[in-house]
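First comes the structure, then the notes that go with it.
The values are calculated or read from the model by the stated rules, or taken from the named source; none is laboratory data. All of these numbers come straight from a predicted model, not from anything done at the bench. No Cβ is skipped: glycine too gets one built from the backbone with ideal geometry, and neighbour counts run over all protein chains shown.
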C-alpha cells in the first residue's frame with residue numbers, strides 16, 4: 001500500500017521531463033541552424049547539443065526538415081496590433097517582426113526553408129508555416145477594410161502580399177531591414193496606389 005502513491009505519481013513526472021527534452025531539442029535546432037544553416041544541420045549534432053539521444057529526436061521528428069519546422073513553430077507568433085489606423089498597425093507589425101528576428105535565426109532560416117519547399121516532401125507544411133506567419137497582416141488588412149479605411153477590389157491575399165513582401169525581403173536580403181521611415185514610405189506608396197485603383201489593366 002505504501003508504494004501506491006509513488007507508482008501513481010510516476011506518469012505525471014514523466015511528461016514534464018519529456019516536454020523539457022523536446023524544448024531542449026527545439027532550442028538546439030535553432031542554435032544549430034544559426035551556426036550551420038539548414039543544409040549543415042544534422043540530427044546527430046542537434047541531439048548532442050540538446051543532451052539527448054538520436055532516438056529521442058527521431059521518435060518525434062522523422063527528418064531534419066520536420067525538426068526545423070517544429071523549431072520554427074516554437075518561435076513566438078507576431079502580435080496583432082489594433083491601433084485603429086492601418087499605417088500605424090503596419091508600423092507596429094514591423095517592430096514585432098524585427099523583435100522576433102533579433103531573438104531568433106528566422107532571417108537566416110526562411111530563405112533556406114523556402115528553397116526546401118520545392119524539393120522536399122514537406123512543401124505543404126512549409127507553405128502552411130509561411131501563411132501562418134502572414135496571418136497578422138491578414139487581420140490588420142481585414143480590419144482596415146471593415147472600418148472603410150481600405151477600399152479596393154483586390155483580394156486580401158494579394159493586398160497582404162504587396163504589403164508584407166518589401167519588409168520580408170529587406171529582412172532576408174539587406175544588411176539592415178527597412179527602417180521605420182522607409183517602411184512607412186513603402187506602406188503609404190502601396191496604399192496610395194490601392195486608393196487610386198484596384199491594379200487591373202485599364203484601356
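Against the definition (more than 24 Å from residue 113 (Cβ to Cβ) and either at pLDDT 95 or above or surrounded by fewer than 13 Cβ atoms within 10 Å (Cβ to Cβ) (or both)), how does residue 40 come out, yes or no?
The answer is no for residue 40.
So residue 181 passes all but one of these: (1) modelled with pLDDT of 95 or more; (2) surrounded by 13 or more Cβ atoms within 10 Å (Cβ to Cβ). Which condition number does it fail?
Just one mismatch for residue 181, condition (2).
Do we find that residue 112 is in contact with a helix residue (DSSP H, G or I) (Cβ under 9 Å, 6 or more places away or on another chain) and outside the structural domain of residue 20 (by TED's automatic domain parsing) in this structure?
Yes: the conditions hold for residue 112.
Just one of (1) farther than 20 Å from residue 135 by Cβ; (2) assigned by TED's automatic domain parsing to the domain that holds residue 188; (3) modelled with pLDDT of 95 or more trips up residue 91, so point out which.
(1)
Go through (1) farther than 30 Å from residue 191 by Cβ; (2) surrounded by fewer than 17 Cβ atoms within 10 Å (Cβ to Cβ); (3) modelled with pLDDT of 90 or more and name the single condition residue 35 misses.
Among (1) farther than 30 Å from residue 191 by Cβ; (2) surrounded by fewer than 17 Cβ atoms within 10 Å (Cβ to Cβ); (3) modelled with pLDDT of 90 or more, the lone unmet condition for residue 35 is (3).
Is it the case, given these coordinates, that residue 78 is over 15 Å from the mean Cα position of the chain (by Cα) and more than 25 Å from residue 39 (Cα to Cα)?
In short, no.
What about residue 124, is it modelled with pLDDT of 90 or more and exposed (fewer than 13 other Cβ atoms within 10 Å of the Cβ)?
Judged against the criteria, residue 124 is not a match.
Mind checking which helices (runs of 4 or more DSSP H) fall wholly inside segment 90-203 and carry at least 1 residues that are free of Cβ contacts under 8 Å to residues at least 40 places away in the same chain and more than 16 Å from residue 68 (Cβ to Cβ)?
Helices (runs of 4 or more DSSP H) meeting the threshold: 123-133, 135-146, 156-173, 180-196.
Taking the conditions exactly as written (surrounded by 12 or more Cβ atoms within 10 Å (Cβ to Cβ), in contact with a helix residue (DSSP H, G or I) (Cβ under 9 Å, 6 or more places away or on another chain) and either under 23 Å from residue 84 (Cα atoms) or at pLDDT 95 or above (or both)), does residue 193 satisfy them or not?
yes
Scan the helices (runs of 4 or more DSSP H) fully inside segment 28-88 and keep the ones with 3 or more residues being more than 21 Å from residue 133 (Cβ to Cβ).
43-50, 54-60
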